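One structure below.
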Ligand SMILES: Cc1cc2nc3c(=O)[nH]c(=O)nc-3n(C[C@H](O)[C@H](O)[C@H](O)COP(=O)(O)OP(=O)(O)OC[C@H]3O[C@@H](n4cnc5c(N)ncnc54)[C@H](O)[C@@H]3O)c2cc1C
């Protein structure tokens with residue numbers, strides 16, 4: 001077993017790290033405060049290829065492996081977790097979906113622009129009444145002549161305000177329940193599609209999250225992605241990919257919080273000495289570092305497995321579960337090590353703490369990951 005990264009992977013990680021240090025770190029606090037993602041930052045991110053990680057080379061992408069994607073999302077998230085999730089959704093849910101399920105025409109139309117970041121992608125599965133039970137969605141796409149007629153409301157769409165392409169999951173055959181769901185590709189100017197106001201979130205404040213609603217929105221039949229009524233399978237297959245991205249995002253946030261905590265522990269003096277001298281603090285750091293390391297190993301393993309034959313949903317869910325819990329654990333301890341200073345905006349651990357919270361919620365809650373893992377365990381140990 002070889003635990004070292006290849007030269008290409010190290011280069012990928014270090015390049016993303018340099019960009020994140022130079023461009024994201026100095027402005028991350030301000031972006032969080034204002035709650036906006038500057039379009040020029042997205043353009044710059046696109047120029048570096050971070051929106052084209054999975055797009056095929058023939059369509060202008062880098063066509064990289066999953067470990068390269070993980071390393072990139074981890075580094076971006078260390079300095080700006082909001083950009084991390086935007087890039088994760090864009091690459092792993094939208095670009096990957098078009099790459100796997102798109103027709104030649106769909107690939108030619110969307111992939112080159114997604115690869116450069118000229119188009120930002122959004123993925124819309126959740127609804128106000130349908131979250132963990134994603135198969136119970138109610139949004140309708142009724143077939144009428146040469147188009148679908150869309151009605152209903154989707155919720156929690158990451159990057160909605162920036163997106164040009166939306167992959168939306170809707171009921172095409174309501175009688176069949178989750179077997180009657182299809183995935184449609186929607187352009188941002190689709191008539192009858194409306195974006196809600198940005199959600200006022202606890203963290204990831206500069207990622208734009210909105211509701212999406214449809215009133216008799218007309219979408220051509222050609223915009224069907226994959227086969228009709230196969231949308232739920234498509235959604236679930238993509239989530240495996242997305243979950244690795246959230247694990248990587250969690251690692252980035254956890255590492256950033258740990259780095260801040262250990263450096264603060266060296267600076268802060270109480271009882272006439274740096275608090276890092278106290279064993280209580282050292283043991284916290286030991287636990288934090290150990291959990292980050294374990295989360296990283298699980299996440300990198302999941303990434304490597306993802307590129308092999310077969311389904312590795314159990315290992316992917318394990319990585320997402322553990323890495324997101326680690327991010328929350330580490331951020332909580334980082335705030336504790338900062339004492340009162342961890343509770344105010346003077347130090348970035350306050351932001352990391354808020355940003356980490358959602359990693360246990362989106363792309364399948366902690367409980368949903370345990371459902372996936374235990375389902376596999378029950379299959380393996382009948
Ligand atoms: C910032 C943000 C961005 C998001 N981005 C996107 C996006 O881009 N696209 C998209 O489609 N969605 C997105 N989501 C939605 C996200 O995936 C859902 O919030 C998530 O799946 C949970 O669904 P819910 O919020 O409806 O919670 P619910 O499903 O209502 O769950 C509530 C609680 O009940 C638990 N629970 C539910 N069912 C069970 C069960 N069977 N057993 C045990 N416990 C259970 C859950 O774990 C949770 O603790 C986003 C959410 C947020 C907050």
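Taking the criterion of being farther than 23 Å from residue 82 by Cβ and away from the ligand (no atom under 15 Å from the Cβ), would at least one residue in the stretch 194-212 satisfy it? Checked against the condition, which is being farther than 23 Å from residue 82 by Cβ and away from the ligand (no atom under 15 Å from the Cβ), the stretch 194-212 yields at least one hit.
The condition of being away from the ligand (no atom under 11 Å from the Cβ) and crowded, with 24+ Cβ neighbours inside 10 Å holds for only one of 137, 67, 149, 62, that being 67.
Quick one: which residue in 93, 42 is in contact (Cβ under 8 Å) with a residue 12 or more places away in the chain, within 30 Å of residue 258 (Cα to Cα), in a helix (DSSP H, G or I) and touching a strand residue (DSSP E or B) at 6+ places or on another chain (Cβ under 6 Å)? Quick ask: steps written out before the conclusion?
Working: 42 fails: touching a strand residue (DSSP E or B) at 6+ places or on another chain (Cβ under 6 Å).
Sole residue among the options that is in contact (Cβ under 8 Å) with a residue 12 or more places away in the chain, within 30 Å of residue 258 (Cα to Cα), in a helix (DSSP H, G or I) and touching a strand residue (DSSP E or B) at 6+ places or on another chain (Cβ under 6 Å): 93.
For (1) assigned by TED's automatic domain parsing to the domain that holds residue 279; (2) over 20 Å from the mean Cα position of the chain (by Cα); (3) within 16 Å of the ligand (Cβ to nearest atom); (4) part of a helix (DSSP H, G or I), each residue gets a yes or a no:
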{"site": "320", "(1), (2), (3), (4)": "yes, no, yes, yes"}
{"site": "334", "(1), (2), (3), (4)": "yes, yes, no, yes"}
{"site": "342", "(1), (2), (3), (4)": "yes, yes, no, yes"}
{"site": "345", "(1), (2), (3), (4)": "yes, yes, no, no"}
{"site": "353", "(1), (2), (3), (4)": "yes, no, yes, yes"}
{"site": "356", "(1), (2), (3), (4)": "yes, no, yes, yes"}
{"site": "362", "(1), (2), (3), (4)": "yes, no, yes, no"}
{"site": "368", "(1), (2), (3), (4)": "yes, no, yes, yes"}
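For the stretch 112-121, enumerate the residues that are without any contact (Cβ under 8 Å) to a residue 60 or more places away in the chain and more than 17 Å from residue 69 (Cα to Cα).
Taking the stretch 112-121 as the starting set, the residues that turn out to be without any contact (Cβ under 8 Å) to a residue 60 or more places away in the chain are 112-113, 119, 121.
Result: 112, 113, 119.
Among the residues making up the stretch 167-181, those that are under 20 Å from residue 193 (Cβ atoms) and within 16 Å of the ligand (Cβ to nearest atom) are 167, 168, 169, 170, 171, 181.
The values are calculated or read from the model by the stated rules, or taken from the named source; none is laboratory data. Every value quoted in this text rests on a predicted model; they were computed, and no experiment measured them. Here Cβ is always computed from backbone atoms with ideal geometry, including for glycine, and neighbour counts include all displayed protein chains.
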